[in-house]
Amino acid sequence: MAENNQNAMAGSAPAKPKPAVPGAAKQAAPGAAKPATPGAANQAASGAAKPAAPGAANQAASGAAKPAAPGAANQAASGAAKPAVPGVAKQAASGAAKPAVSNSGVYKPPVERADSNPYKDSRISSVSAWFQERFYVMLPVIDYLKKKEVPKHRLSFWYYFGGLTLFFFLIQIITGLLLMQYYKPTEAEAFASFVFIQREISFGWLIRQLHAWSANLMVMMAFIHMFSTFFMKSYRKPRELMWVSGFVLLVLSLGFGFTGYLLPWNELAFFATQVGTETPKVAPGGAFLVNILRGGEEVSGETLTRMFSLHVVLLPGLLMLVLSAHLLLVQVLGTSAPIGYKESGMIKGYEKFFPTFLAKDAIGWIIGFGLLVYLAAVFPWGIGVKANALNPAPMGIKPEWYFWAQFQLLKDLKFEGGELVAIGLITVGAIVWLLVPFIDFKASREEKSPIFTMLGLIVLAFLLINTWRVFAEYGW
Ligand code: HEM
């Protein structure tokens, strides 16, 4: 850096250079020197020098030097020098730096030479510097994220469930990709390929069990996460879209469960899909949708192909898109605290999201992973017998547990037109639930809204009681 400072020219240089390329841009300017590009910008400016780009900005400025960019900014400034970026900022002159004048007294331009490692004296590694130079537009974002804080209070525990849902989703992607190497989505081969994965492939059984269990845990975590954010009223202004995107994520997660259920092509899955895709037919337009989903009148090999493509292409794509929006909103808007907590001093402080909260999240993930491996190894899901459409449906056909509440409602309304009433109730209920942030005006004014707390309790009770009733009747 000392070398760079030597290179810095005195304010006597006449030009106002404006380097337009990355690399070592050394400026000797009496007026406003404003390098607009990344690289090492060595500036000797007597006027206002304002490098807007990353790199090592060595400034010998007698005016106001304000590097807005990362890297090592060495400033030789007598004016207001304000490095706004990471790196090492050295300000090394009170006045203008000495002009490079040879012994003979003849002016010689400074040697134009890029600093081999402009970050060598800085606290950031050269790898990080390399990326920073290229992605410098992201630096304000990173800077912003570094400031993100999470409030600490007696309900903070519930903040971990969003991260856990995300963790199990990542497990789904990894194990799903591995399963796809051997799975064959055709009527003739699907079941056999499942048996092959379970019995012949090294650790194939483990991967399949992890995938099946992680799917269940992901949905369970998403439900817990949804109700915890509901009761903490985290959906209130300005987090409405977090709630809406979260709701879509839950629907997509349920879609994953539904489409994945058929893939082993066993008897149970086959008939459950038959029943599950029969019900919506009673709703207006339902038959059309069911036909598209089934790829025909009945559940068949066509249905399997469609479910497979939904499961591995459309749903993951949509989920990742919506998830990106959800997580971006989490970062931009930050984590909320329950209504009134701040005012009544119930916030015990704040902790940094990066790295403190994330490290605690990771502890949750390790515990979650332990639980997942335990369940996969000790309570394996069976394979069943291959589906045969000609066989009669076995007794006790039921969907997966996260559809049990709706399943029970359909069973309860067993009168003429009852199915349509049940579908209507579920649809209206889901729309009201989706719109909660926009109708809970009290919460958006930071006032307690006990009516909505009651609504949440009713919905929770409906789900738990009905799920329990199905379990009591059918078992697991
Ligand atoms: C795949 C499913 C989901 C994933 C991976 C996910 C992930 C996350 C993560 C990591 C957070 C930040 C940490 C936290 O507050 O827990 C979060 C916050 C949030 N999520 Fe989700 N989420 C999902 C589904 C949902 C659902 C179903 C809802 C509600 C319908 C929802 C609503 C919210 C809200 C309102 C917040 C803000 C919490 C606050 O600021 O206090 N999310 N989500």
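Quick notes on this one:
- Within-15-Å neighbourhood charge of Phe354 [Cβ basis; K, R +1; D, E -1]: +1
- GluC sites (Glu not before Pro) restricted to the range 188-294 and DSSP loop, no more than 12 other C-beta within 10 Å: Glu200
- Looking at the range 382-476, the GluC sites (Glu not before Pro) that sit in a DSSP loop and have at most 10 other Cβ atoms within 10 Å of their own Cβ are Glu416.
- Projected over all directions and averaged, the alpha-carbon convex hull of the range 153-474 occupies 17.8 nm².
- Computed over the range 130-265, Kirkwood Rh from alpha-carbon pairs, angstrom: 17.8
- Remark: spin-label model distance Leu435-Lys448 equals 2.7 nm, labels positioned 7 Å along the Cα→Cβ axis.
- Low-density loop cleavage sites - chymotrypsin sites (Phe, Trp or Tyr not before Pro) in the range 170-224, where at most 12 other Cβ are within 10 Å (DSSP): Phe203
- Counting only residues at least eight positions apart within a chain, or on another chain, the aspartates and glutamates with an alpha carbon under 19 Å from that of Lys237 are Glu149, Glu343, Asp440, Glu446, Glu447.
- Taking 19 Å as the cut-off, the amide N atoms of the range 377-408 that come nearer than this to a point 7 Å along the Cα-to-beta-carbon line of Trp205 belong to 377-386.
- Charged neighbours of Phe288, selected by a Cβ distance under 13 Å, balance to +1 (K, R count +1; D, E count -1).
- Gap separating the Cα centres of the range 170-244 and the range 300-375, nearest whole Å: 13
Where a number appears in this text, it was derived from the coordinates with a stated rule and is not lab data. Just so it is clear, the structure is predicted and the values come from calculations on it, not from any experiment. So basically every Cβ, Gly included, is an ideal-geometry build from the backbone, and we count neighbours across all protein chains shown.
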